[in-house]
Every structure is written in C-alpha cells, then in structure tokens.
Amino acid sequence: MSISLTTLLYGIGLAGVAVNAAAGVLEAGRKPFDLFGMVVVALAAALGGGSLRDMLLDRKVFWIADQSYLLAAVLAGLATFALARVVRLPPRLFLLPDAVGLALFTVSGTQVALSLDAPWLVASLMGVITGVFGGIVRDVLCNEVPLVFTGELYATASWAGALLLVGLSAAGVSAGWSALAAGALVLAVRLLAIRFRWRLPVFSARL
C-alpha cells in the first residue's frame, strides 16, 4: 500500500523532532543544567531548524500549526532525561541520534520545499537549514562551538542527501523511495565521517 506524501512528511517530521530532542538532552547532560534547561535545549534542537525553514518559506511554523510536534519534543526530552538519570551513557552518545535526526530533518525540509514548488537549489538549502540549524542553536545554548562549523562532515552530508532527493524526485522516483535513499545517504556519510574523521579543510590565514 502506497503512503501519501503528506503522511510521509508527517511521520518523518515527528520522528525527527523526537530524535533531535533526545540528542539535545544528551548533549546538555554534559553541562550542569536542571530539568528546565534540558527541556529548553531539547526544544531548540528539535524545533529550531523547521521553524527557520517555515519562516523563510512564508509558511505557518509547523509546531504552531500542529502541537503534536511540540508534544513529541517535550516527551522525548523528558524520557531521555529520565533514562540518563538511571543509566550511565557514553559522553558522545548524542552523536548517534544527532546523525539520525540530521537525516530525517534533511529529508523533511527538502520535501516540504519541493511541495511548495521551490527551485531545486532553494529546496536543497531548505533541507540543510532544517537539518543543521537546530543543532547550531543547541550547541550555542550548551556553550559549545557548533559541530557544523568544526566537526566531521555535517552540513556536507545533509546537502548531499538533499541534492539526491531533489534529483530522484525530478526523475519521477516515488516519494517513499526518494526519502529512503536520501536519508540513508545522509546517515551513512555522517557516521562514516565520525568514524574516519572526515573533515573539510580548515581556514588558516598566512600572516
């Protein structure tokens, strides 16, 4: 049975919100934040990218239009907070849900832009913005240099997946298969970059 684009986008969006909220709490857990601080970071990580995308596309912000996204972010953040208090978790564990969230949000953001007939380059950039902006806000709130600026391939992985999704959609591939292929590419590139420390060249001025 085929899945409609609307249903697919909704499911991907909810999953992305939950996963990014969990990643936000796991990173914030390395700081002496209380429960309120954890929830703020979780919401910023989960909702930041999609909010900026919707404002740029002159679209009603997704979690205001449907509070299910907000509830998913809060519940995922609280559940992760509770789990982290009873189970000792590795310090860099947040990188795994962060990578999954990057893949989900890249696909969601790109498909939303394409559904609004945005040009291919704009649509791909909307995917990147949706994927990375929440993580930027999360890192700033945690007083860390954003991963997207200094770490292993991050925005590059997102953009590669977004461009693949645009290309597959233009070629007439179904929304489901396009989303699966694009999401898998983002996740694979990001995880391989973490494993093998693939980075872009770093600017170093000669004085």
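The values are calculated or read from the model by the stated rules, or taken from the named source; none is laboratory data. Predicted model only: the values in this text are computed from it and were never measured. We place every Cβ from the backbone using ideal geometry, glycine too, and count neighbours over all the protein chains shown.
Couple of notes before you dig in:
- Hits in the stretch 19-42 - residues which are assigned to a helix (DSSP H, G or I) and surrounded by fewer than 24 Cβ atoms within 10 Å (Cβ to Cβ): LEU35, PHE36, GLY37, MET38, VAL39, VAL40
- Some residue of the stretch 130-147 being over 23 Å from VAL61 (Cα atoms) and assigned to a helix (DSSP H, G or I): yes
- Of all residues in the stretch 133-157 being under 18 Å from PRO97 (Cβ atoms) and of a type in the set (Val, Ile, Thr), the one that is surrounded by the fewest Cβ atoms within 10 Å (Cβ to Cβ): VAL148
- Of the listed requirements (1) modelled with pLDDT of 95 or more; (2) in contact with a helix residue (DSSP H, G or I) (Cβ under 6 Å, 6 or more places away or on another chain); (3) of a type outside the set (Gly, Ala, Ser), VAL25 misses just one: (1).
- Hey, GLY176 in a helix (DSSP H, G or I), at pLDDT below 95 and more than 16 Å from the chain's Cα centre (by Cα) or not: yes
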